[in-house]
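The values are calculated or read from the model by the stated rules, or taken from the named source; none is laboratory data. Values in this document were obtained by computation on a predicted structure and should not be read as measured data. Don't worry about glycine lacking a Cβ; one is built from the backbone with ideal geometry, like all the others, and counts go over all protein chains shown. In case anyone asks, the SASA skips ligands and DNA or RNA and just uses the protein heavy atoms, side chains included. Shrake-Rupley method; radii C 1.70, N 1.55, O 1.52, S 1.80 Å.
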Amino acid sequence: MLTSTVATLTRGEAWRLDDVSEPYEAGWALEAQLFARGLDEGDQQGKAHVQVSPMASAGATRAARSTCCPVMPCPSFACANSAISSACGWTCLRVSNGPFS
Amino acid sequence: MQPYPHRFADPQLDKFDPLGRILVHDTFSAGLNGWIGLIGNYEDSLTKMLPVFRPMNQPMLSTAVGWDSGSHGAMSGPYAMKIATRPIKGAMNLALKRMTFRKLGRIQLEAYIAAKPEPSEAVLSIEDLRSFGMFMDLQSRQYRGLPHLRFLNCLDGELKHTWQFKQQTADDNVVSSSARTRSLQHLYPHGWEDVPDGRQDTCYNELPTKMNWQYLKVGVDLRDMSFTSFQFNDREFDVSGMGVMRMEPWANLDCMLNIGFFVETDSDKRSFLFVDSVLLSGDF
């Protein structure tokens, strides 16, 4: 079975608070690490949350477990980890308001 | 005496009818095998990428989970390659595999696939999926050829159930300040023509969570970039009236052999194309 892969979930798009990436199915993985990099200056900080769900349908969004990390204006990287398992269907990244604390 | 001497002992191969040499035989329970999303050409900045390519994202390994049954699984194993559009009417997504060819001759692509809308509500949803199809991007020293085929399921809410091809040469744009990188607009929605006698009722099944794996076969001759065969399930189509998008060779693409699958949505709901297995063969 596949043991690791890298997938760009979103690129070159303007992100607003509470935007969520398209779901990426990774039920085969034990762990997901999500990275975010700003491509321009932006206007405020935010937090990146990892969402996981057992369902392939985004209509059934449910953040069963999640961690969050800071997203700074460019140029920066952020990284969030989430333990997922074969019981989970997909994972995605959501950005919310406020500085990370 | 074997009753079927032309058959394969391996049932994973025996469900295909390959030409003499098998180049690719991919299933997706162990990985994506080099299948990847399409990144539009650009230099300098991502903003140079043509709009049609920007929303495209990566294929994934999926057990095809539905809310009413759980994991559907694939035909050949637990995982299929899943290509998903965004939930925006008219959105398209695709996955492709990039190779080169070693002989200018006939090639043949076969696959078992299933196209479904996202099972996000308890309705039939048959009008939600616009189309699914295949394309190739090929280049000999004489031509660049891009065979395109799609099953137009529904357009603006009206069921069509018609196969279409695209032969109208697409525009291209320079997408770099150096003027060395161009991008071909072959995936824009215009330019489709109906395959002669191309109407076909396929197996959608009664729920968006029920998937039936369906057989697709497309043959192409690299020498003149023409279709040589086209079959979907039990229908074999006459390819004499089907053309291929063909143009002068581009720089840096000698012997290119790219194969891909795509899906389009006809509503503000994701559409999925699941690919169970792919076989590419050639006559050498």
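How do B:118-131, B:55-68, B:18-31, B:246-259 rank on mean C-beta neighbours within 10 Å, highest first? If you can, show how the numbers build up before the last one.
Numbers: B:118-131: 19.9, B:55-68: 21.7, B:18-31: 17.6, B:246-259: 15.1.
Packing proxy ranking, top to bottom: B:55-68, B:118-131, B:18-31, B:246-259.
Short version: ³J(HN,Hα) in whole Hz for each residue of region B:12-24, in order, from phi by Karplus 6.51 cos²θ - 1.76 cosθ + 1.60 (θ = phi - 60°), x for Gly and Pro, what are they?
My calculation for region B:12-24 gives 5, 8, 5, 7, 10, 10, x, 6, x, 10, 8, 8, 9 Hz in order.
Return the residues of region A:7-37 for which accessible area with all protein chains present is lower than in the chain on its own by 50 Å² or more; set the probe to 1.4 Å and exclude ligands, DNA and RNA.
The answer is A:R11, A:E22, A:Y24, A:E25 - residues whose exposure falls by at least 50 Å² when every protein chain is included.
Could you run the Karplus curve 6.51 cos²θ - 1.76 cosθ + 1.60 with θ = phi - 60° over region B:240-246 and give me ³J(HN,Hα) per residue in whole Hz, x for Gly and Pro?
Per-residue couplings from phi come out as 5, x, 10, x, 10, 5, 9 Hz.
Loop only per DSSP, at most 10 neighbouring Cβ atoms within 10 Å: give me the GluC sites (Glu not before Pro) in region B:142-250, ordered by residue number.
Passing sites in region B:142-250 are B:E206.
Amide H of B:G31: which non-local residues (sequence gap of 5 or more, or other chain) have their own amide H closer than 5 Å, using H built in the peptide plane?
Here the answer is A:L2, since their amide H atoms fall under 5 Å of that of B:G31.
Along region B:26-32, what does the Karplus equation 6.51 cos²θ - 1.76 cosθ + 1.60 (θ = phi - 60°) give for ³J(HN,Hα), rounded to whole Hz, x for Gly and Pro?
Once rounded to whole Hz, the list reads 10, 10, 10, 8, 10, x, 8.
Once you average over the residues of B:55-64, how many Cβ atoms of partner chains fall within 10 Å of each Cβ?
Working: counts 4, 1, 8, 7, 3, 11, 9, 7, 6, 3.
For this peptide, the per-residue mean of nearby foreign Cβ atoms is 6.
So which trypsin sites (Lys or Arg not before Pro) in region B:136-187 are both in a DSSP loop and have at most 14 other Cβ atoms within 10 Å of their Cβ?
Sparse-neighbourhood loop trypsin sites (Lys or Arg not before Pro): B:R141, B:R180.
Using a probe radius of 1.4 Å on protein heavy atoms only, what is the accessible area buried between chains A and B, both sides summed, to the nearest 100 Å²? Display every interim value, and only then the final one.
Values: alone 6540 and 12960 Å², together 17580 Å².
For A against B, buried area totals roughly 1900 Å².
Once amide H atoms are built 1.01 Å from N in the peptide plane, which residues 5 or more positions from B:T181, or in another chain, come under 5 Å H to H?
B:V175, B:S176
List the GluC sites (Glu not before Pro) within region A:3-46 that fall in a DSSP loop (any state other than H, G, I, E or B) and whose Cβ has at most 10 other Cβ atoms within 10 Å.
Counting only loop positions with at most 10 other Cβ atoms within 10 Å, the GluC sites (Glu not before Pro) in region A:3-46 are A:E41.
At 0.36 nm per residue, and after removing the present C-alpha to C-alpha distance, how many nm does the segment from B:S177 to B:Q200 gain when stretched out fully? All intermediate terms of the calculation are to be shown ahead of the outcome.
Values: separation 23, 0.36 × 23 = 8.28 nm, distance 4.61 nm.
Full extension of this stretch gives 3.7 nm more.
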